Amino acid sequence: MSRPLPSRAALVAAIVRKDLLEFSRDRLWVALTTVALVMFAVVFWLMPDRVDETIRVGVAPASLASVLGQLALEGAEIGLDVVGFESEEALRAAVMGGGEDGPSVQVGLALPDAFVLRVATRQDVVVRVYVGVTVPIEVRGAMTSVARELAFVLSGAAFPVTLEGGDVIVLGEDRAGDQLPLRERVRPLLVFFVLITESLALASLISAEVASRTLSAIVVTPARITDLLTAKGLTGALLAFSQGLLLLLITRSLVGDVPALLVAMLLGSVLVSGIALLTGSSGRDFMGTLFLGVAFLIPLMIPAIALLFPGSASAWVQVLPSYGVLQALVGAASYGRGVVELAPYLVSAAAWAAAVFALGWWALARKVATA
Amino acid sequence: MQQSRDGTGTTPAISVQDVHFSYGSRPAVRGVSFDVARGEVLGFLGPNGAGKSTTIKMLTGQYRPAKGRIELLGEDLATHRSALQGRIGVCFEEKNLYPTLSGVEHLRFFARLHGVRDLDPGALLARVGLETRGRDRVAGYSKGMRQRLMIARALVNDPEVLILDEPSDGLDPVSAQAIRSVIREQAERGCAVLITTHDMWEADALADRVAFIHDGRLYALDTPERLKLAHGTRSARVRVRREDGAVDERVVELDGEDMGRRLAEATVGGELLTIHTDEATLEAVFVQMTGRGLT
């Protein structure tokens, strides 16, 4: 006699339950997940939590330091910390690292003793600008401008050019004086890494099922392939989302606009689940799956890495599937932006997540059908 | 009770009618037709690549026939797949189990997929001799234990049709016997059983009827006895000690009109030691009909 068929939800729930049980018994992935969580949390707490935008500038002779200091105060966002030195030798030593007791500076301006007089009488002045090897090229250029501006200020002559608005015009969001500390910048990167770790775990589970043909045993029951695929997607998204949430809790990062942050993380979880379906159905064994997974995931990490180095992202990075997710994660967690404000990024993330998940779905469905 | 198409009894539990299937341009099953009644065991015999597994995949709903029709329990498989899959049990050739789950967890999982709420996993495991290992993970099971768990898994829903692909392949005699006992029990309670094997002895011992499949075509379908009688040759081996002490072994064909005379002649000329009759084997019949062996 036939009994009532279980509902689709009951079938999906049964498969998800089994998958989670299998995952919890897989020592390798449980260990990797735990290690990843601990490691990422440690990395997060080790990152500096504030940004020092001040440039320490040394001036010799020391009598001119106050003039330059006054100049720095007039434009506070420049962030110049001026230190005076009695001799050029002491200034050079400070730029080289400062020695045991002496102060260190990043840039040194060695001015002649009669600097003020020579500038005032419009005579030629030679100024030497010293910079440490680690000083970025743009700061080096800025320091030569500072020396020239100093001369102009002292001589009373202004630039014969008027700058509109009195300053440069910044295109995009001006973060001068409000730069994200490295800890803030690394947070979405770490969350994304956790999602990726879980996607590899799911891919490994799927490839093991494909290899052992256990999927066939499921599809000869009342469960359909769609139930199976739905369950796999849910398992992957659940694993990734919960681990990402756990990391946020461990690092006390459930901050900013929490709903937008959770939506972004959920979309990221769906995206990596799609990749897990794709790689899991294609990989023949553990190493093959791992290799494929990493090959797929490296491009997705580029937008995350670009967040660490603002300005380094090319235009093409914006079309990568993970760009929207990462921008939404940063926007929500670091700047407290809401769902509406992040809508363009969330829409892009949702579109990519849907596309990649559909591709993974198709690949696994094909694999099951031909097994 | 429904009448069968030929009017000889009830509707067959399995009815396969002119089924075809191809992998790309390579035909795997070509016009296969057969029925299996409730309570009957049909042995599906053929060498590797003959089309047995493809036929099973069509019967279990994994593959859809390119042509032809399959009915299970009187309903069209193409249109009632999910409902029918809830009434069949399948045991695969490969041991597709989850190594990290225990025997009990396997049975509970598949019971949920079948909507079975009153499963007693202990009782089911006891039927296949695994009652003491139910809590152990499958990774620690021997090959025979895994196969017995596969059989138990196929029974979680009390199936009306049982489809078994090489259920005792490579097993020790004790495990193989345990599995054969379970199969007979299922048939006795009215379950239709389709079993593929290339073990002719097993088919002969277990199956009510056997079907020979080769190169995607069905060559024969009948009881083992009738097939052997119709296509095999019976003989007797007679051992006689001659007066000089040497032992003669004489083979006498038992088919033909003058069988009695030939047998009598073979026993004269010395002291009769033994007479052994040799019945034709299914394998010999298969070879005769298809021109090739089963392996």
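The values are calculated or read from the model by the stated rules, or taken from the named source; none is laboratory data. All of these numbers come straight from a predicted model, not from anything done at the bench. Quick reminder, even Gly has a Cβ in these numbers, built from the backbone with ideal geometry, and neighbours come from all protein chains shown.
Do we have any residue at all in the range B:66-79 that's within 23 Å of A:Ala14 (Cβ to Cβ), touching an Asp or Glu at 6+ places or on another chain (Cβ under 7 Å) and in a strand (DSSP E or B)?
No, the range B:66-79 has no match at all.
Within the range A:202-210, is there a residue that is aliphatic (A, V, I, L, M) and closer than 18 Å to A:Ile298 by Cα?
At the first step, the residues of the range A:202-210 found to be aliphatic (A, V, I, L, M) are A:202-203, A:205-206, A:208, A:210.
Retained after the next criterion (residues that are closer than 18 Å to A:Ile298 by Cα): A:202-203.
Yes, the range A:202-210 has at least one match.
Could we say that A:Ala349 is in the same structural domain as A:Arg187 (by TED's automatic domain parsing), farther than 19 Å from A:Ala231 by Cα and in contact with a Gly (Cβ under 7 Å, 6 or more places away or on another chain) here?
Details: in the same structural domain as A:Arg187 (by TED's automatic domain parsing): yes; farther than 19 Å from A:Ala231 by Cα: yes; in contact with a Gly (Cβ under 7 Å, 6 or more places away or on another chain): yes.
Against the criterion (in the same structural domain as A:Arg187 (by TED's automatic domain parsing), farther than 19 Å from A:Ala231 by Cα and in contact with a Gly (Cβ under 7 Å, 6 or more places away or on another chain)), A:Ala349 qualifies.
Filter the range A:311-330 for residues that are touching a residue at least 24 places away in the same chain (Cβ under 8 Å) and outside any helix (DSSP H, G or I); which is surrounded by the fewest Cβ atoms within 10 Å (Cβ to Cβ)? Give the steps one after another, and end with the answer.
So the first thing to find is which residues in the range A:311-330 are touching a residue at least 24 places away in the same chain (Cβ under 8 Å), and the list is A:321-330.
From what's left, outside any helix (DSSP H, G or I): A:321-322.
Values: A:Pro321: 22, A:Ser322: 29.
Looking at residues that are touching a residue at least 24 places away in the same chain (Cβ under 8 Å) and outside any helix (DSSP H, G or I), I get A:Pro321.
Going by the conditions given, is B:Gly46 touching a Lys or Arg at 6+ places or on another chain (Cβ under 8 Å) and within 14 Å of chain A (Cβ to nearest Cβ)? Lay out the reasoning, then the answer.
Numbers: touching a Lys or Arg at 6+ places or on another chain (Cβ under 8 Å): yes; within 14 Å of chain A (Cβ to nearest Cβ): no.
So B:Gly46 does not fit the description; no.
I'd like the full set of residues that are in contact (Cβ under 8 Å) with a residue 40 or more places away in the chain and more than 10 Å from chain A (Cβ to nearest Cβ), limited to the range B:84-108.
Correct list: B:Gly103, B:Leu107.
Of the numbered conditions (1) free of Cβ contacts under 8 Å to residues at least 12 places away in the same chain; (2) more than 14 Å from every other protein chain (Cβ to nearest Cβ), A:Gly256 satisfies every one except a single condition; which is it?
The number of the failed condition is (1).
Of the conditions (1) within 11 Å of chain A (Cβ to nearest Cβ); (2) surrounded by fewer than 22 Cβ atoms within 10 Å (Cβ to Cβ), B:Ala126 fails just one. Which one is it?
(1)
With the checklist (1) at pLDDT below 95; (2) buried (at least 23 other Cβ atoms within 10 Å of the Cβ); (3) under 19 Å from A:Val368 (Cβ atoms) in hand, flag the one item B:Ile88 doesn't pass.
Going through the list (1) at pLDDT below 95; (2) buried (at least 23 other Cβ atoms within 10 Å of the Cβ); (3) under 19 Å from A:Val368 (Cβ atoms), B:Ile88 breaks only (1).
Between A:Ser212, A:Ser204, A:Ser216, A:Ser199, which is touching a strand residue (DSSP E or B) at 6+ places or on another chain (Cβ under 9 Å) and either at pLDDT 85 or above or within 13 Å of chain B (Cβ to nearest Cβ) (or both)?
Working: A:Ser212 fails: touching a strand residue (DSSP E or B) at 6+ places or on another chain (Cβ under 9 Å); A:Ser204 fails: touching a strand residue (DSSP E or B) at 6+ places or on another chain (Cβ under 9 Å); A:Ser199 fails: touching a strand residue (DSSP E or B) at 6+ places or on another chain (Cβ under 9 Å).
Only one candidate passes the filter, namely A:Ser216.
Residues checked against (1) farther than 21 Å from A:Thr226 by Cα; (2) more than 14 Å from chain B (Cβ to nearest Cβ); (3) among the polar types (S, T, N, Q); (4) not in a helix (DSSP H, G or I):
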site	(1), (2), (3), (4)
A:Ala264	yes, yes, no, no
A:Gly274	no, yes, no, no
A:Ile298	yes, yes, no, no
A:Ala306	yes, yes, no, no
A:Ala332	yes, yes, no, no
A:Pro344	yes, yes, no, no
A:Ala354	no, yes, no, no
A:Ala365	no, no, no, no
A:Val368	no, no, no, no
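Out of the residues in the range B:71-83 that are within 21 Å of the chain's Cα centre (by Cα) and aliphatic (A, V, I, L, M), state the one that is farthest from the other protein chains (Cβ to nearest Cβ). Write out each step before concluding.
Residues of the range B:71-83 within 21 Å of the chain's Cα centre (by Cα): B:71-73.
Those still in the list that are aliphatic (A, V, I, L, M) too: B:72-73.
Working: B:Leu72: 11, B:Leu73: 8 Å.
Applying the filter and picking the extreme gives B:Leu72.
With the requirement that a residue be within 25 Å of B:Arg26 (Cβ to Cβ) and either out of contact with any Leu (no Cβ under 7 Å at 6 or more places or on another chain) or in contact (Cβ under 8 Å) with a residue 60 or more places away in the chain (or both), what does the range B:62-80 give you? Outline the logic, then answer.
At the first step, the residues of the range B:62-80 found to be within 25 Å of B:Arg26 (Cβ to Cβ) are B:62-70, B:77-78.
B:Gln62, B:Tyr63, B:Arg64, B:Pro65, B:Ala66, B:Lys67, B:Gly68, B:Arg69, B:Ala78, listed by residue number.
State all residues of the range A:250-295 that are buried (at least 24 other Cβ atoms within 10 Å of the Cβ) and polar (S, T, N, Q); if no residue qualifies, say none.
Correct list: A:Ser269, A:Ser273, A:Thr279, A:Ser281, A:Thr289.
I need the full set of residues from the range B:109-123 which are over 26 Å from B:Gln177 (Cα atoms), in contact (Cβ under 8 Å) with a residue 40 or more places away in the chain and either more than 9 Å from chain A (Cβ to nearest Cβ) or of a type in the set (A, V, I, L, M, F, W, C) (or both), in order please.
Correct list: B:Val116 only.
Every residue in the range B:34-53 that is farther than 15 Å from B:Ala13 by Cβ and in contact (Cβ under 8 Å) with a residue 60 or more places away in the chain, please.
Just the residues of the range B:34-53 that are farther than 15 Å from B:Ala13 by Cβ, to begin with: B:43, B:45-53.
Passing the criteria: B:Gly43, B:Leu45, B:Gly46, B:Pro47, B:Asn48, B:Ala50, B:Gly51, B:Lys52, B:Ser53.
Do you know which residues across the range B:196-223 are more than 30 Å from B:Arg26 (Cα to Cα) and surrounded by 17 or more Cβ atoms within 10 Å (Cβ to Cβ)?
Selection gives B:Glu202, B:Asp204, B:Leu206, B:Ala207.
Scan the range A:2-13 for residues that are at the interface with chain B (Cβ under 7 Å from one of its Cβ atoms) and in contact (Cβ under 8 Å) with a residue 24 or more places away in the chain and jot them down.
Selection gives A:Leu5, A:Pro6, A:Leu11.
Looking only at the range B:259-285, count every residue that is surrounded by fewer than 13 Cβ atoms within 10 Å (Cβ to Cβ) and under 30 Å from B:Ala211 (Cα atoms) and tell me the total.
Total meeting the criteria: 2.
Give the number of residues within the range B:10-28 that are within 19 Å of B:Glu166 (Cα to Cα) and either in a helix (DSSP H, G or I) or at pLDDT 95 or above (or both).
Going residue by residue through the range B:10-28, those that are within 19 Å of B:Glu166 (Cα to Cα) are B:14, B:28.
Restricting the remaining residues to those that are either in a helix (DSSP H, G or I) or at pLDDT 95 or above (or both) gives B:14.
Result for the range B:10-28: 1.
Does B:Leu194 satisfy being touching a residue at least 60 places away in the same chain (Cβ under 8 Å) and of a type outside the set (Asp, Glu)?
Working: touching a residue at least 60 places away in the same chain (Cβ under 8 Å): yes; of a type outside the set (Asp, Glu): yes.
When the stated conditions are applied, B:Leu194 passes them.
Let me confirm something: among A:Ser282, A:Ser348, which residue is among the hydroxyl-bearing types (Ser, Thr, Tyr) and either at pLDDT 90 or above or within 17 Å of A:Val186 (Cβ to Cβ) (or both)? Walk me through it before giving the result.
Values: A:Ser282 fails: either at pLDDT 90 or above or within 17 Å of A:Val186 (Cβ to Cβ) (or both).
Only one candidate passes the filter, namely A:Ser348.
Taking the criterion of being within 24 Å of B:Thr290 (Cα to Cα), outside the structural domain of B:Cys91 (by TED's automatic domain parsing) and in contact with a strand residue (DSSP E or B) (Cβ under 8 Å, 6 or more places away or on another chain), would at least one residue in the range B:246-253 satisfy it?
Yes, because at least one residue in the range B:246-253 is within 24 Å of B:Thr290 (Cα to Cα), outside the structural domain of B:Cys91 (by TED's automatic domain parsing) and in contact with a strand residue (DSSP E or B) (Cβ under 8 Å, 6 or more places away or on another chain).
Please specify each residue of the range B:152-181 satisfying the condition of being surrounded by fewer than 18 Cβ atoms within 10 Å (Cβ to Cβ), within 12 Å of chain A (Cβ to nearest Cβ) and hydrophobic (A, V, I, L, M, F, W, C).
none
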